Amino acid sequence: MTDRIKSWHSSPSKPTYTPPPGSIDAHCHVFGPMAQFPFSAKAKYLPEDAGPDMLFALRDHLGYARNVIVQASCHGTDNAATLDAIAKSNGKARGVAVVDPAISEAELAALHEGGIRGIRFNFLKRLVDDAPKDKFLEVAKRLPQGWHVVIYFESDILEELRPFMDVIPVPLVIDHMGRPDVTQGPDGPDMKAFRHLLDSREDIWFKATCPDRLDPNGDPWDMFAESVAPLVADYPTRCLWGTDWPHPNMQDAEPDDGHLVDMIPRIAPTEELQRLLLVTNPKTLYWPECLTG
């Protein structure tokens with residue numbers, strides 16, 4: 001694997017929707033720069049550099065105040081690139097790490113000091129080779145105060161993962177709603193199964209994200225809007241939003257980030273829902289000390 005891939009739009013449009021002050025892009029990544037932060041030998045894709053300067057320029061272009069940077073699978077368990085981006089953000093970014101389950105308490109404390117507030121478990125077989133539930137559960141029991149676990153999976157293994165998720169002793173955040181089939185509509189079996197998961201625990205959050213990944217009909221992603229808006233309406237204090245920039249593995253269908261932002265009023269049509277989705281909810285998880293600010 002030597003050919004590097006570019007998966008992001010070179011000139012994203014300016015959104016017609018203006019996010020409320022203090023809005024947070026709660027799901028994005030950085031790639032490299034490779035010369036400073038080499039990619040993992042186990043990486044399933046080799047992206048071009050998409051570093052913090054590019055991320056923060058996009059943040060400002062889209063009208064956001066802060067970022068939550070999620071460790072990308074191409075960097076494995078070396079969180080140096082994510083920590084570097086947080087350090088360069090002037091306090092405007094926090095992060096989610098991917099760790100070796102054998103990580104020490106001292107190393108977890110150092111991640112906390114660096115702005116990390118959660119760890120991610122990835123169950124997509126096309127992205128990771130090993131996802132040991134027993135070891136994941138052990139490290140979840142040792143997380144610093146206030147951290148959570150982010151889980152990424154596809155809808156066909158939701159029921160298989162339920163016993164594992166049920167016993168994780170910290171709040172959960174589900175990436176991209178567990179990738180439901182939005183062509184089934186808001187009352188389809190995938191959404192019903194996901195609602196059943198949300199109803200099982202009051203501390204499960206979800207990211208109402210990635211219409212570009214989930215809606216096969218493409219931009220403007222009408223099926224996504226139809227399926228996800230009822231979910232946001234019914235669980236308004238447990239939803240998050242993010243661009244997913246720089247859109248790993250989307251090189252064949254690079255989404256316009258301005259259009260992604262314009263999806264927000266379609267899934268959160270009121271100012272109250274928008275403020276919860278973009279400000280209050282992500283602050284609760286990542287900047288709880290700023291909830292009054």
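The values are calculated or read from the model by the stated rules, or taken from the named source; none is laboratory data. Keep in mind that what you see is a predicted model, and the values were worked out from it rather than measured. All Cβ positions, glycine included, derive from the backbone under ideal geometry; neighbour counts span all protein chains shown. Ligands, DNA and RNA are excluded from the accessible area calculation, which covers all protein heavy atoms including side chains. Shrake-Rupley method; radii C 1.70, N 1.55, O 1.52, S 1.80 Å.
Residue pairs whose Cβ atoms lie under 7 Å apart, sitting 6 or more positions apart in sequence or on different chains, and linking a residue in segment 30-42 that is at positive phi to a partner that is among the acidic types (Asp, Glu), are Gly32/Asp49.
Thr18 fulfils the conditions (1) surrounded by fewer than 18 Cβ atoms within 10 Å (Cβ to Cβ); (2) touching a residue at least 24 places away in the same chain (Cβ under 8 Å); (3) under 17 Å from Ile86 (Cα atoms) except for a single criterion, (3). Number of residues in segment 132-143 that are in a helix (DSSP H, G or I) and open to solvent by less than 30 Å² (accessible area, probe 1.4 Å): the value is 3.
Condition check for Asn281 on (1) open to solvent by less than 10 Å² (accessible area, probe 1.4 Å); (2) in a loop (DSSP other than H, G, I, E, B): one failure, at (2). Just one of the numbered conditions (1) open to solvent by 10 Å² or more (accessible area, probe 1.4 Å); (2) at pLDDT 95 or above; (3) outside any helix (DSSP H, G or I); (4) within 19 Å of Arg179 (Cα to Cα) is not true of Asn249: (2). Among the criteria (1) in contact with a strand residue (DSSP E or B) (Cβ under 8 Å, 6 or more places away or on another chain); (2) in contact (Cβ under 8 Å) with a residue 24 or more places away in the chain; (3) of a type in the set (D, E, K, R), the one Asp84 does not fulfil is (1). Would you confirm whether any residue within segment 266-276 is surrounded by fewer than 15 Cβ atoms within 10 Å (Cβ to Cβ), in contact (Cβ under 8 Å) with a residue 24 or more places away in the chain and hydrophobic (A, V, I, L, M, F, W, C)? So far as segment 266-276 goes, no, none of its residues is surrounded by fewer than 15 Cβ atoms within 10 Å (Cβ to Cβ), in contact (Cβ under 8 Å) with a residue 24 or more places away in the chain and hydrophobic (A, V, I, L, M, F, W, C).
Residue-level check: of (1) open to solvent by less than 40 Å² (accessible area, probe 1.4 Å); (2) modelled with pLDDT of 95 or more; (3) more than 19 Å from Pro144 (Cβ to Cβ); (4) in contact with a Phe, Trp or Tyr (Cβ under 8 Å, 6 or more places away or on another chain), Ala72 misses just (2). Residues that are open to solvent by less than 20 Å² (accessible area, probe 1.4 Å), under 24 Å from Leu46 (Cα atoms) and modelled with pLDDT of 95 or more within segment 75-108 comprise His75, Asn79, Ala81, Thr82, Ala85, Ile86, Gly95, Val96, Ala97, Val99, listed in sequence order.
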